[in-house]
Amino acid sequence: MERWKGRVALVTGASVGIGAAVTRALVQQGMRVVGCARNVDKIEKLAAECQSAGYSGTLIPYKCDLSNEEEILSMFSAIKTLHKGVDVCINNAGLAHNEPLLSGRTEGWRNMIDVNVLALSICTREAYQSMKERNVDDGHIININSMGGHRLVPSADEHFYCATKFAVTALTEGIRQELREEKTHIRATCISPGIVETEFAFRHHNNDAEKAAAVYESIKCLKAEDVASAVTFVLSAPPHVQIGDVQMRPVEQVS
């Protein structure tokens, strides 16, 4: 990780869960991290904690609604002005709504597409353009995917969510192929965790806290820090090594 010290990483959805853990890990490794979310209060608190801990990097909180392209473009413009550009893009933000295919609301489906698919694609495009215009040839784009992007969960309330994550699997491979065609050494990686104990299930089952809690009580789940470790593992790989997809799940997870 030594070569990343002082360089700029963008982490989307940095306020809680996996995003917060990844952000903390990168700041600890000496990176300048722009952490974005709709609510930056928790990121500001995390920035203070990182500073108090004496981490060598810096956390810059940024308020951004990833379902709004104008706000994403404004964020990248601010990063260019204040920090020259992005060297690492961690597309972590994602959400799920309980909207089955046969009875779900279009509004919920659209929100999942906006955040899980379009925001990821916009951030990837803007990060790549930032790298290209500065002749950065060793940047990295990491998409936090899900095991739901590789197999369908037998639960109607997750089918549309899984469809968006299947899209992330395809997008990551498409990004890798296009980067290769551009003859750049910028790399693209997909990290696909199984059940991770975060606030995710409570947001997904927002009307049933008991059901959400049961998800995490059924087995010994992954922790957000486990996924953060996977991110630093990927970033620390030698420049000639392309890690395409890291699939990780709890030992006890059945599917």
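Let me make sure I get this right: for the range 146-236, a, b and c are the square roots of the gyration tensor eigenvalues over alpha carbons, sorted descending. Under 1.5 in a/c it's rounded, otherwise prolate if a/b > b/c, else oblate. Which is it? Don't jump to the answer; show the numbers that get you there.
Details: a/c = 3.34, a/b = 1.76, b/c = 1.90.
Oblate shape, in that a/c is at least 1.5 and b/c is the bigger or equal ratio.
Evaluate 2.2 N^0.38 Å with N set to the residue count of the chain, then give the Cα radius of gyration divided by it.
Working: Rg = 17.4 Å, N = 255, 2.2 N^0.38 = 18.1 Å.
That works out to 0.96 for the chain.
Consider just the alpha-carbon atoms of the range 75-165 and return their Rg together with their Dmax, both in angstrom.
Computed over the Cα atoms of the range 75-165, radius of gyration and Dmax are 16.0, 48 Å.
Could you work out the per residue convex hull volume over the alpha carbons of the range 103-255, in cubic angstrom? Don't skip to the answer; put the middle values down first.
Numbers: hull volume 18.3 nm³, N = 153.
So the per-residue Cα hull volume is 119 Å³.
Helix-derived [θ] at 222 nm for the chain: sum -39500 (n - 2.57) over DSSP H runs of at least 4, divide by residue count, nearest 500? Please list the in-between numbers first.
Values: 9 runs with 109 residues, N = 255.
Taking each H run of at least 4 residues, the total per residue is -13500 deg cm²/dmol.
Translational diffusion coefficient of the range 1-72 at 37 °C, 0.692 mPa s, Stokes-Einstein with Kirkwood Rh over Cα pairs, in µm²/s as a whole number.
On the way: Rh = 11.9 Å.
Result for D is 277 µm²/s.
Please report, in debye to the nearest 20, how large the charge dipole of the chain is about its Cα centre when each Lys and Arg carries +1 at its beta carbon and each Asp and Glu carries -1 there. Write out the running numbers ahead of the final one.
Numbers: 27 positive and 31 negative charges, 132 e Å.
The calculated dipole for the chain is roughly 640 debye.
What is the ratio of the Cα radius of gyration of the range 40-79 to 2.2 N^0.38 Å, with N the residue count, to two decimals? Could you put the intermediate results ahead of the total?
Working: Rg = 12.3 Å, N = 40, 2.2 N^0.38 = 8.9 Å.
Rounded to two decimals, the normalised Rg is 1.38.
Any chance you could count the Lys pairs in the chain whose alpha carbons are under 22 Å apart, treating pairs 8 or more apart or on different chains as valid?
Summing the qualifying lysine pairs gives 15.
Taking only the C-alpha atoms, wrap a convex hull around the range 68-124 and report its volume per residue in Å³ as a whole number.
Working: hull volume 4.1 nm³, N = 57.
Spread over its residues, the Cα hull of the range 68-124 gives 71 Å³ apiece.
In nm, to one decimal, how far is the Lys80 label point from the Ser155 one, both placed 7 Å along Cα→Cβ?
Taking the simple label geometry, Lys80 and Ser155 are separated by 4.2 nm.
How long are the three semi-axes of the equivalent ellipsoid for the range 1-126, computed from the Cα gyration tensor as the root of 5 times each eigenvalue, in whole Å, largest first?
On the way: eigenvalues 154, 50, 28 Å².
Semi-axes, largest first: 28, 16, 12 Å.
Looking at the range 195-255, I'd like the Rg to Rh ratio, where Rg is from alpha-carbon atoms and Rh is Kirkwood's inverse mean 1/r. Numbers along the way, then the final one.
Details: Rg = 14.8 Å, Rh = 13.4 Å.
Across the range 195-255, the Cα-based Rg/Rh ratio is 1.10.
If you count, for each residue, the other Cβ atoms within 10 Å and average over each peptide, how do 164-175, 28-39, 44-55, 75-86 line up from highest to lowest?
Details: 164-175: 19.7, 28-39: 22.2, 44-55: 14.4, 75-86: 17.2.
Going from most to least packed, we get 28-39, 164-175, 75-86, 44-55.
Pop out the ³J(HN,Hα) list for the range 153-167 in order, Karplus 6.51 cos²θ - 1.76 cosθ + 1.60 with θ = phi - 60°, rounded to Hz; leave Gly and Pro as x.
These are the phi-based 3J(HN,Hα) values: 6, x, 8, 4, 6, 10, 5, 5, 4, 4, 4, 5, 7, 4, 4 Hz.
Every read-out reported here was derived from the displayed coordinates using simple, explicitly stated rules and does not represent laboratory data. Since this is a predicted model, take the numbers as computed values, not measurements. Note that we place each Cβ from the backbone using ideal geometry, even for glycine, and neighbour counts take in every protein chain shown.
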